[in-house]
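Take a look at the structure below.
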Amino acid sequence: MQDTVSADRVTHSDLANAVRVLAMDAVEQAKSGHPGLPMGAADMATVLFTKFMKYDAADPTWPDRDRFILSAGHGSMLLYALLHLTGVKGMTVEELKNFRKLDSKTPGHPENFMTPGVETTTGPLGQGIATAVGFALAERMLNAEYGSDLVDHYTYVLASDGDLMEGISHEAIALAGHLKLNRMIVLWDDNGISIDGPLSISDSVDQVKRFQACGWNAVRVDGHDPKALQRAISRAQKSDRPTLIACKTTIGYGAPKKAGTSKAHGEPLGAEELAGAKTAYGWGHAPFEIPDNIRDAWAKAGKKGRRQRKAWEERLKALAPETRAEFERRVKGVRPEGLAEAIAKLKDRLIAEPQNVATRKASEIALEVITEAVPELVLGSADLTPSNNTKTKNLTAISPGNYAGRYIHYGIREHGMAAAMNGIALHGGYVPAGATFLVFTDYARPAMRIASLAGIPAVYVMTHDSIGLGEDGPTHQPVEHLAALRSMPKMRVFRPADAIETAEAWQMALERTDGPTTLALTRQNLPQVRKEGGAKNLSATGAYELSPANGQARATIFASGSEVEIALAAQKLLEEQSFAVRVVSVPSLDLFLAQPEKVRREIIGDAPVKVAVEAAVRFGWDSVIGPDGIFVGMHGFGASAPYKDLYKHFGITAEAVAEKVLRTHNL
Ligand SMILES: Cc1ncc(C[n+]2csc(CCOP(=O)(O)OP(=O)(O)O)c2C)c(N)n1
């Protein structure tokens, strides 16, 4: 392995060994972490970063850089060592010494919001490779819009056995293969070892054949042979398909006893193995010490893309000012100015011509306007386009080899869709909105959790949001999903009551740039309950008084979505009996609960009886109505029947609400 990369005779092995020892030393110092992967994959990473990556450590967010996704997030020290050695600002040796410590830039698994140069949060196996599909797709889509002068880069992934065993990998590679995302190159750390032992105890898939069957180019190489790696990556760059390079490696490469065993996977090597590995590398330096010539050679690799970046900046400057400003706005994730005005106009139009439609249809009405005002919004569905109402007339779908379009048919791949959406958003230039039935958020949830954790502004259009979907029955009727999503930190959930609240929810979702939003929408038609339009977004506090009491309120009925209609009908029934009641619409319970106490108190009010109506489980509502409050909703799974029968069967009716209010009041 004497591949000289610079005049001062630093070899490939020197460079790779620098990565290895930093990872080993950091894990040893932290007394926790995963040394085996960095030791085994250092040759792959070194070839990639010194020979291929279009990368300038001085600006790790340059829009036309190549992306490197460490899907096997447990090997985080590999990435931190690379960022340190190439000279990313802030990635000091102190940070490596603080590996896995509070507030360091070197957390246990990579987090894009903690560490400069980390493209996405990884750790849950399979997420990285699936997110990379979104990166690679966004690159091609932005290329179709702005041309190769501005957008022309690769997405490289380093994936482990675990990444490829996870089910999500199949959704991801099938989608990438179908779409012919030839800028996506996966280096698989084929070391045949996982935590429980050799892979052979639990797996016998021929991954090369699997990828080939999914439309990929797939080859096998020796993952410790830099020349072979170089040849394979060069060939992959020219392929008309995405490429898997199965790189045969040894986990814990160089460790005398632990190499090639699961003992090298997830614990410090220990003094003896550490010393033995360093001897095997011919490495005689103190912990964390890198000789100057090797440090210089790595720093040079970190500047490899500088000229390309400068040339790119010149091309950007040469653009027509409007094109340039729009490109910059989009890659920075700044929302267009016209959105609020477009929504205000739509609301006025809805007041003039009320729409008694399902909120999924109301969403489509809003999207007709929004897709014009927000050109970076890219919609899609996991094969439920006609049910989710996400494809407005002005959108065309992308297809294999043709990426000019704003609609993505993700196929029946909810998890793959949500992960790809993360990649599309993190790549920059687009806001992704993807759709399925609310009940199937369970199939997408791990990627939605990454979106929440990593602060990714994705929008989930989740229709068929309750027993209101009717005949498809309990397998399709979400009951616990609203509570589950509301409990996820940083996830925002809207369940609008009518066409106006739906427009407001879309506005909130798109104005948000620091996290995801779920829109829970109905299949069944709903009356338009809002009487006022205008620029003020009443949904912005999560809840507001929709219908005041006629006199001193003796009860407040809180409701969301389709049950607001029921709350209003109950109010009418009660007022007919001279019982004054106010109705509070709660389009976003989680957003409401996040309001300052004063706002919450004012909206909750002081009427003695509090009722919540929602065709879902009670979990979460006690924060509004208290443990003694009345809850009218679901207490178990739904059933298969026409939806009006189901509402009666489960007692979610205006009569039931009114009766319970009166009974409680008379106690
Ligand atoms: C979804 C998920 N399940 C389980 C884990 C825990 N885990 C971390 S690494 C790993 C498997 C290790 O095998 P491999 O992917 O081959 O990595 P290597 O041993 O080569 O480092 C597991 C099960 C995880 N991180 N993500």
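The values are calculated or read from the model by the stated rules, or taken from the named source; none is laboratory data. Since the model is a prediction, treat every value here as computed from it, not as a measurement. With ideal geometry, Cβ positions are generated from the backbone for all residues, glycine too; neighbour counts draw on all protein chains shown. We work out accessible area using only protein heavy atoms, side chains counted, and drop any ligands, DNA or RNA first. Shrake-Rupley method; radii C 1.70, N 1.55, O 1.52, S 1.80 Å.
Could you list the trypsin sites (Lys or Arg not before Pro) in the stretch 623-667 that lie in coil according to DSSP, counting only those with at most 10 other Cβ atoms within 10 Å of their Cβ?
Sparse-neighbourhood loop trypsin sites (Lys or Arg not before Pro): none present.
For the pair HIS635 and GLU575, what calculated FRET efficiency results from E = 1/(1 + (r/R0)^6), where r is the Cβ-Cβ distance and R0 = 30 Å, to the nearest 0.05?
Here the calculated transfer efficiency is 0.60.
Please compute the net charge surrounding GLY428, taking Lys and Arg as +1 and Asp and Glu as -1 over other residues with Cβ under 9 Å from its Cβ.
+2
Let me know the charge dipole size of the stretch 337-527 about its Cα centre in debye, to the nearest 20, where only the beta-carbon of Lys, Arg (+1) and Asp, Glu (-1) is charged.
Result for the stretch 337-527 is approximately 300 debye, rounded to the nearest 20.
Taking a ≥ b ≥ c as the square roots of the Cα gyration tensor eigenvalues, with a/c under 1.5 meaning rounded and otherwise prolate when a/b beats b/c, else oblate, which class fits the stretch 109-187?
oblate
So how far apart, in nm, are the two label points at ASN550 and LYS238 if each is 7 Å from Cα heading toward Cβ?
Modelled inter-label distance: 8.2 nm.
What translational diffusion coefficient, in µm²/s and rounded to a whole number, does the Stokes-Einstein relation yield for the chain at 25 °C and a viscosity of 0.890 mPa s, taking the hydrodynamic radius as the Kirkwood radius over Cα pairs?
Approximately 92 µm²/s, per Stokes-Einstein.
Work out how much length ARG307 to HIS665 would gain on full extension: take 0.36 nm times their residue separation and subtract the Cα-Cα distance, in nm to one decimal.
121.3 nm
Round to the nearest 10 and give me the degree value, 0 to 90, for the angle of helix 271-281's Cα axis relative to the longest principal axis of the chain.
60
Calculate the dipole size of the stretch 553-667 relative to its Cα centre from +1 charges on Lys and Arg beta carbons and -1 charges on Asp and Glu beta carbons; express the result in debye to the nearest 20.
100
If you put +1 on each Lys and Arg Cβ and -1 on each Asp and Glu Cβ, how big is the dipole of the chain around its Cα centre, in Debye rounded to 20?
It works out to roughly 980 debye.
Ordered by packing density, taken as the mean number of other Cβ atoms within 10 Å over each peptide's residues, highest first, how do 487-493, 334-340 rank?
The peptides rank, most packed first, as 487-493, 334-340.
Per residue, how large is the accessible surface of the chain? Use a 1.4 angstrom probe and give square angstrom.
37
Calculate the radius of gyration of the Cα atoms of the stretch 157-244 to one decimal place, then report Dmax, the largest Cα-Cα distance, as a whole number, both in Å.
Computed over the Cα atoms of the stretch 157-244, radius of gyration and Dmax are 12.9, 38 Å.
Scale the Cα Rg of the stretch 550-603 by the rule-of-thumb value 2.2 N^0.38 Å and send over the ratio, two decimals.
1.23
Give me the angle, in degrees from 0 to 90, between the Cα long axis of helix 499-511 and the longest principal axis of the Cα atoms of the chain, rounded to the nearest 10.
The angle comes out near 20 degrees.
If a/c stays under 1.5 just call it rounded; otherwise compare a/b with b/c (prolate if a/b is bigger, oblate if not). Do that for the stretch 268-417, with a ≥ b ≥ c from the square roots of the Cα gyration tensor eigenvalues.
Judged from the Cα gyration tensor, the stretch 268-417 comes out prolate (a/c at least 1.5, a/b above b/c).
So how do 129-138, 529-538 stack up, highest first, on mean other-Cβ count within 10 Å?
Top to bottom by mean Cβ count within 10 Å: 129-138, 529-538.
For a test of the definition: using alpha carbon positions, the gyration tensor, and the 1.5 limit on a/c, classify the stretch 373-513 as rounded, prolate or oblate.
rounded
Express the relative contact order of the chain as a whole percentage, based on alpha carbon pairs under 8 Å and six or more residues apart in sequence.
Once normalised by length, the contact order is 12 percent.
For the stretch 560-599 and the stretch 471-534, what is the separation of their C-alpha centers, rounded to whole Å?
16
Can you tell me the FRET efficiency between GLU602 and ASP622 if r is taken as the Cβ-Cβ distance and R0 is 25 Å, rounded to the nearest 0.05?
0.80
Roughly what angle does helix 36-47 make with the longest principal axis of the chain, taking Cα atoms, 0 to 90 degrees, to the nearest 10?
Taking the Cα atoms of the chain, the angle to 36-47 is about 70 degrees.
Given the options ALA352, ILE450, SER466, identify the residue whose Cα lies farthest towards the positive end of the charge dipole of the stretch 337-527 (+1 on Cβ of Lys, Arg; -1 on Cβ of Asp, Glu).
Farthest towards the positive pole: ILE450.
Lys and Arg at +1, Asp and Glu at -1: add these up for the other residues within a Cβ distance under 14 Å of GLY638 and post the number.
-3
Take every Cα-Cα distance within the stretch 544-666, group them into 10 Å bins from 0 onward, and report for each bin the whole-number percent of pairs it holds.
With a bin width of 10 Å, the distribution comes to 14, 49, 31, 7, 0.
With an 8 Å Cα cut-off and a minimum separation of 6 or more residues, compute the relative contact order for the stretch 33-308 in percent.
RCO, the stretch 33-308: 25 percent.
Please report the relative contact order for the stretch 337-527, taking Cα pairs under 8 Å with a sequence separation of at least 6, and give it as a percent rounded to a whole number.
RCO, the stretch 337-527: 27 percent.
All other residues with a Cβ under 15 Å from the Cβ of GLU414 taken together, and with Lys, Arg as +1 and Asp, Glu as -1, what is their net charge?
Charge balance in the 15 Å sphere: -1.
Remind me, what semi-axes does the stretch 466-588 give for its equivalent ellipsoid, largest first in whole Å, using sqrt of 5 times each Cα gyration tensor eigenvalue?
25, 19, 13
Take the eigenvalues of the Cα gyration tensor for the stretch 428-508, scale each by 5, and report the square roots as semi-axes in whole Å, largest first.
With the √(5λ) rule applied to the stretch 428-508, the semi-axes are 21, 16, 11 Å.
Arrange the peptides 238-247, 503-512, 88-97, 314-323 so that the one whose residues have, on average, the most other Cβ atoms within 10 Å appears first.
503-512, 238-247, 88-97, 314-323
When the Kirkwood hydrodynamic radius is evaluated over all pairs of different C-alpha atoms of the stretch 33-308, what value in angstrom, to one decimal, is obtained?
18.9
Please report, as a whole percent, how much of the solvent-accessible surface of the chain comes from carbon and sulfur atoms (probe radius 1.4 Å).
Of the solvent-accessible surface of the chain, carbon and sulfur hold 51 percent.
Out of all DSSP beta bridges in the stretch 337-527, what portion is antiparallel? Express it as a percent rounded to 5.
5
Send over the semi-axes of the stretch 1-117's equivalent ellipsoid, whole angstrom and largest first, taken as the square roots of 5 times the C-alpha gyration tensor eigenvalues.
Semi-axes (√(5λ), whole Å): 21, 18, 12.
I'd like the antiparallel share, as a percent to the nearest 5, of DSSP beta bridges with both residues in the chain.
Of the beta bridges lying entirely in the chain, close to 10 percent run antiparallel.
Antiparallel versus total DSSP beta bridges in the stretch 33-308: what percent is that, nearest 5?
10
Tell me which lysines have Cα within less than 25 Å of LYS490's Cα, excluding those fewer than 8 residues away on the same chain?
Here the lysines satisfying the reach criterion relative to LYS490 are LYS101, LYS105, LYS332, LYS536, LYS598.
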